[in-house]
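**Student:** A single structure is presented below for examination.
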Amino acid sequence: MHSLQKQRRNFFHNAIKIITSSPSSLLASNNISSTAGKVISCKAAVAWEAGKPLVIEDVEVAPPQAKEVRINIKYSSLCHTDLYFWESKCLPPSFPRILGHEASGVVESVGDGVSDLKPGDHVLPLFTGECGECRHCKSEESNMCEVLRINPSSEVMISDGKSRFSTMKGKNPRNISHFLGTSTFSQYTVVHSGSVVKINPTLPLDKACLLSCGISTGIGSVLNVAKPKKGASIAIFGLGAVGLAAAEGARIGGASRIIGIDMNPNKIKYAKNFGLTDFINPEEHEKPVHEVLKEMTNGGVDRCIECTGNINVLMSAMEALHDGWGVVVLVGVPSSDAVFKTNPFNFLNGKTITGTSFGNYKPKTGLPTLVDMFMNNKLELDKFITHRVPLSEINKAFDYMIKGEGLRTIIDMKN
Ligand SMILES: NC(=O)c1ccc[n+]([C@@H]2O[C@H](COP(=O)([O-])OP(=O)(O)OC[C@H]3O[C@@H](n4cnc5c(N)ncnc54)[C@H](O)[C@@H]3O)[C@@H](O)[C@H]2O)c1
Ligand SMILES: [Zn+2]
Ligand SMILES: [Zn+2]
């Protein structure tokens with residue numbers, strides 16, 4: 001038999017069904033799960049085509065290789081970045097693919113060389129990692145790990161360039177692409193151990209999942225990047241979960257004025273719930289929004305946080321800044337061919353523009369500060385959760401986000 005065929009035969013012979021949700025049943029007393037080293041069959045939501053509803057498929061998840069961790073995903077939530085790559089407006093399409101990067105779960109097994117994680121650990125998988133060795137990991141100024149930084153075009157694991165996911169299409173197994181190194185819309189996934197953060201097992205996983213992307217990004221964009229002075233004015237463009245988390249960062253950072261801007265009139269209720277001081281719907285004003293902001297703040301806002309991904313909004317945020325010290329932080333993901341334009345006098349006049357991935361938190365060494373805030377009730381995650389759906393209804397989460405209904409939808413991965 002051809003060696004590849006043999007490999008495939010073994011792959012499927014080893015397959016076992018484990019759709020149990022109890023991690024303890026998977027664990028032997030010596031911290032080795034009964035499924036370690038074997039292929040696991042489970043359910044996953046697979047994107048087969050850009051913009052087409054995900055399909056719940058039976059998938060095979062291969063065991064973790066060196067420095068990898070296989071995680072039983074308990075909860076995933078939908079972030080706009082999933083929607084962005086599902087729509088596939090920028091990069092060459094990469095389908096079939098298992099999307100999802102905002103999630104929580106329990107370690108099922110670990111590969112060789114993983115010493116900081118073990119089966120049964122409660123964890124957050126992250127779209128960006130921390131190898132601890134590279135120039136970026138060693139610098140206080142960057143969270144862009146050279147080895148494990150976000151890479152949307154990668155479809156495979158970095159250790160061997162192979163996918164850990166496959167599904168039967170007709171009589172043949174078909175590999176499925178990974179996404180952001182996380183692919184959390186699967187009941188089991190394999191992630192590089194440098195992109196997995198252990199959390200206290202008493203934390204509720206159905207809320208902690210939010211810390212693995214949107215909420216940390218929003219808070220960090222203010223506390224780690226914009227760094228407003230106490231009493232500052234902050235304008236936040238786009239009141240999704242990321243923007244409202246930025247508003248939380250502004251509140252924690254002592255801002256005196258937090259102005260939310262959103263075209264969706266329904267977002268005014270969230271602006272109120274989250275304690276924003278003002279709400280602007282640009283469509284209700286004849287003047288451009290930056291002029292409205294300048295009038296409201298006696299010459300310009302101290303900080304702007306861009307959380308829509310619209311390049312025109314970013315340009316408008318630059319105009320809305322106060323000269324001398326104003327800083328705008330790009331958080332939203334613009335289309336890859338977008339071009340930012342501004343009058344260079346904005347820079348001569350002391351305005352700054354910057355951007356951030358994951359709110360500049362280093363996953364392993366920085367994120368635990370936010371997890372602690374959540375544990376000590378200094379950070380409320382409930383208010384970001386507006387919908388809950390089972391995995392079988394994951395497409396509803398996409399519909400809610402497209403229609404601008406609510407904030408985060410939690411996807412219960414067990415059924
Ligand atoms: N940099 C990072 O590390 C990082 C991490 C997570 C998310 N993101 C990006 O942040 C952005 C927000 O994510 P989210 O999950 O909160 O999305 P979301 O869809 O929940 O929220 C976006 C909000 O922006 C509003 N909006 C859109 N266009 C607008 C415009 N022209 N003017 C005013 N408001 C407008 C929408 O009405 C919506 O309320 C996305 O672009 C996402 O890809 C970046
Ligand atoms: Zn690194
Ligand atoms: Zn995200």
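The values are calculated or read from the model by the stated rules, or taken from the named source; none is laboratory data. Given the structure is predicted, the values throughout are model-derived calculations rather than measurements. Here the Cβ positions follow ideal geometry from the backbone for every residue, glycine too, while neighbour counts run over all protein chains shown.
**Student:** So which pairs qualify, if the first residue must be in the stretch 145-160 and free of Cβ contacts under 8 Å to residues at least 40 places away in the same chain, the second must be assigned to a loop (DSSP other than H, G, I, E, B) and more than 16 Å from ligand 3 (Cβ to nearest atom), the Cβ gap must be under 6 Å, and the two must be at least 6 apart or on different chains?
**Tutor:** Taking only residues 6 or more apart or on different chains, the pairs are Glu146/Cys134; Val156/Lys162; Val156/Ser163.
**Student:** Given the criteria touching a Leu at 6+ places or on another chain (Cβ under 9 Å) and away from ligand 1 (no atom under 13 Å from the Cβ), does Ile402 qualify? Even if it seems obvious, please write down each step before you answer.
**Tutor:** Details: touching a Leu at 6+ places or on another chain (Cβ under 9 Å): yes; away from ligand 1 (no atom under 13 Å from the Cβ): no.
No; evaluated as a whole, the condition is false for this residue.
**Student:** Go through the stretch 105-144 and give me each residue that's within 16 Å of ligand 1 (Cβ to nearest atom) and closer than 19 Å to Ile199 by Cβ. Spell out the reasoning first.
**Tutor:** Filtering the stretch 105-144 for residues within 16 Å of ligand 1 (Cβ to nearest atom) gives 124-130, 136, 142-144.
The answer is Leu124, Pro125, Leu126, Phe127, Thr128, Gly129, Glu130, Asn143.
**Student:** Let me ask something else. Is it the case that some residue within the stretch 319-339 is in contact with a His (Cβ under 6 Å, 6 or more places away or on another chain), away from ligand 3 (no atom under 16 Å from the Cβ), part of a helix (DSSP H, G or I) and touching a residue at least 40 places away in the same chain (Cβ under 8 Å)?
**Tutor:** yes
**Student:** Against the definition (of a type in the set (S, T, N, Q) and either touching an Asp or Glu at 6+ places or on another chain (Cβ under 8 Å) or outside the structural domain of Phe185 (by TED's automatic domain parsing) (or both)), how does Ser88 come out, yes or no? So that I can check it myself, show each step before the final result.
**Tutor:** Working: of a type in the set (S, T, N, Q): yes; either touching an Asp or Glu at 6+ places or on another chain (Cβ under 8 Å) or outside the structural domain of Phe185 (by TED's automatic domain parsing) (or both): no.
Judged against the criteria, Ser88 is not a match.
**Student:** Where in the stretch 345-415 are there helices (runs of 4 or more DSSP H), lying fully within it, with 2 or more residues that are without any contact (Cβ under 8 Å) to a residue 12 or more places away in the chain and either surrounded by 15 or more Cβ atoms within 10 Å (Cβ to Cβ) or assigned by TED's automatic domain parsing to the domain that holds Leu321 (or both)?
**Tutor:** On the way: elements: 345-348, 363-375, 394-403.
Filter on the stretch 345-415 gives 345-348.
**Student:** Within the stretch 302-325, does at least one residue satisfy the condition of being buried (at least 24 other Cβ atoms within 10 Å of the Cβ), more than 15 Å from ligand 1 (Cβ to nearest atom), modelled with pLDDT of 95 or more and within 30 Å of Ile150 (Cα to Cα)?
**Tutor:** Scanning the stretch 302-325, I find at least one residue that is buried (at least 24 other Cβ atoms within 10 Å of the Cβ), more than 15 Å from ligand 1 (Cβ to nearest atom), modelled with pLDDT of 95 or more and within 30 Å of Ile150 (Cα to Cα), so the answer is yes.
**Student:** Would you kindly identify the strands (runs of 3 or more DSSP E) lying entirely within the stretch 92-207 that contain at least 2 residues that are acidic (Asp, Glu)? Break it down stepwise before answering.
**Tutor:** Values: elements: 102-110, 122-125, 165-169, 172-176, 188-192, 196-198.
Answer list for the stretch 92-207: 102-110.
**Student:** Still on this structure: Looking only at the stretch 230-270, count how many residues are on the phi < 0 side of the Ramachandran plot, in a loop (DSSP other than H, G, I, E, B) and small (Gly, Ala, Ser). First the steps, then the outcome.
**Tutor:** Filtering the stretch 230-270 for residues on the phi < 0 side of the Ramachandran plot gives 230, 232-237, 239-253, 255-270.
Cutting the leftovers down to in a loop (DSSP other than H, G, I, E, B) gives us 230, 232, 239-240, 253, 255-256, 262-264.
Still in the running and small (Gly, Ala, Ser): 232, 240, 253, 255-256.
The qualifying residues number 5.
**Student:** Turning to a different aspect of this structure: On the given criteria, is Gly181 in contact with a Gly (Cβ under 8 Å, 6 or more places away or on another chain) and either in contact (Cβ under 8 Å) with a residue 24 or more places away in the chain or surrounded by fewer than 17 Cβ atoms within 10 Å (Cβ to Cβ) (or both)?
**Tutor:** On the way: in contact with a Gly (Cβ under 8 Å, 6 or more places away or on another chain): yes; either in contact (Cβ under 8 Å) with a residue 24 or more places away in the chain or surrounded by fewer than 17 Cβ atoms within 10 Å (Cβ to Cβ) (or both): yes.
Yes, satisfied.
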